[in-house]
Each structure stands twice: as C-alpha cells, then as structure tokens.
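**Student:** The structure under discussion is supplied below as structure tokens; questions concerning it will follow.
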Amino acid sequence: MRERLTDSDIAKIKEEIEYRKLVVRKKELEAVKEARAHGDLSENFEYKAAKQDKNRNESRIRYLEKLLKHAVVVSDDSREGEVGINNTVELYFEEEEEVQTYRLVTSIRGNSLKGLISIESPIGKAILGKKEGDRVEIPLGTETIHVRVRKIENTQEDEKDTLRKY
C-alpha cells in the first residue's frame, strides 16, 4: 500500500533512519557483543534480549525504508476554508450532541488519544475537503454517524508529533 506522506513526514523518517543506523545500531551491536562474552548462549538471557533489541531496530529501519520507497508525497497546504492536512477541526457529533476537536494528519502521525486523526481513518476520509457548516456522514461498520464541521483552523505541524511505531 502506498502511504501518503508530507515532505515533513519524509524528513522525520529519514532522520529516524539515520539515528537508528548511526547511533542505535552501534549501541545494540555493542550490547550483543558484551552479552555474548558472558558465556553459555543457551541460557544467557542478556544475550537473547540484546539480540531481540538489535533485531527490533533492524526491523524498524527496514519498515521505514520501505515506507519511503512506496510513499506518495502530498501537500500539507489546504485550500482556504477546506479541511486539509494539519488543520484543526471542530466537529459536532449530532447523535451524542457533543463537540470534539481533532487535527488531521497523515497516518504515520495518527494518534487518536492525542486528537490526531489520520486522513486514512473513516472520520479523516469523510471530512477531508469539507467546509465549515457541512454535514458529513461517516460510515463506521454497519452504522453511519453524522457530524457537522463547525470550525476549521489552519495549524502548523507540531514538532512534538511523533511517528507511529508500526
């Protein structure tokens, strides 16, 4: 599947790959060597744990490199008055009579617990490109919920946004 990423996402991914290759990889290899020196590998928990950590790091590097290889670059600029990437959106959920605020982000940064909704999520797909006042139907499995876009605010990417782990 082709992941939609912004230029900023790509820069963060490249930064993480470089960090993992230059810093984490060396540290993990050193930990494996040190644990191997403790003797019998069949009953050496430190060795097994160090190997797992090393393999986890290598797996993350491969995952990020594959992500970059198949990425589709999208702009984080949205049209004035339309919901787009990095916009903070206030939604009114009609059934619950509740207002919630989300920021729309690429899926690599999505974290619903922090109010960061992916453009690939059902809510993200439904509200992308909508305008203030629009009533939107969001299919959720066998149900459909209705929301109204109350407010759209152009916000910049937050430097504290982290990349999804897997």
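**Student:** Would you kindly derive the ³J(HN,Hα) couplings of the stretch 99-106 from the backbone phi angles with the Karplus curve 6.51 cos²θ - 1.76 cosθ + 1.60 (θ = phi - 60°), listing them in order in whole Hz, with x for Gly and Pro?
**Tutor:** So the J values, rounded to whole Hz, are 10, 10, 10, 9, 10, 7, 9, 6.
**Student:** Please give the FRET efficiency for D7 paired with E132, using the beta carbon to beta carbon distance and R0 = 22 Å, rounded to the nearest 0.05.
**Tutor:** 0.20
**Student:** Once amide H atoms are placed 1.01 Å from N in the peptide plane, what residues at a sequence separation of 5 or more from K151, or on another chain, have their amide H within under 5 Å of its amide H?
**Tutor:** Hits under the 5 Å cutoff: E90.
**Student:** If you don't mind, there's one more thing I want to ask. Can you compute the helix-only [θ] at 222 nm over the chain? Use -39500 (n - 2.57) per DSSP H run of at least 4 residues, normalise by all residues, nearest 500 deg cm²/dmol.
**Tutor:** -11000 deg cm²/dmol
**Student:** Consider the candidate values (i) 40; (ii) 15; (iii) 27; state which one is percent of Cα pairs over 28 Å apart computed from the structure displayed.
**Tutor:** It is the one labelled (i).
**Student:** Any idea what the alpha-carbon Rg over 2.2 N^0.38 Å comes to for the stretch 1-76?
**Tutor:** 1.44
**Student:** Can you work out the Karplus-derived ³J(HN,Hα) for every residue in the stretch 8-15? Use 6.51 cos²θ - 1.76 cosθ + 1.60 with θ = phi - 60°, whole Hz, and x for glycine or proline.
**Tutor:** 5, 4, 4, 4, 5, 5, 4, 5
**Student:** Moving to a separate point now. Output wanted: per-residue J couplings in Hz (rounded whole) for the stretch 120-136, from phi through Karplus 6.51 cos²θ - 1.76 cosθ + 1.60, θ = phi - 60°, x for Gly and Pro.
**Tutor:** The phi angles translate into 8, 6, x, 5, x, 4, 5, 8, 4, x, 7, 10, 4, x, 5, 9, 10 Hz.
**Student:** Could you list, in their original order, any pairs among K21/K48; K51/K114; K48/K69 whose Cα atoms are separated by more than 24 Å?
**Tutor:** The answer is K51/K114; K48/K69.
We did not get these values from a lab; they are worked out from the coordinates using the rules stated. Keep in mind it's a predicted model, so treat the numbers as computed, not measured. All Cβ positions, glycine included, derive from the backbone under ideal geometry; neighbour counts span all protein chains shown.
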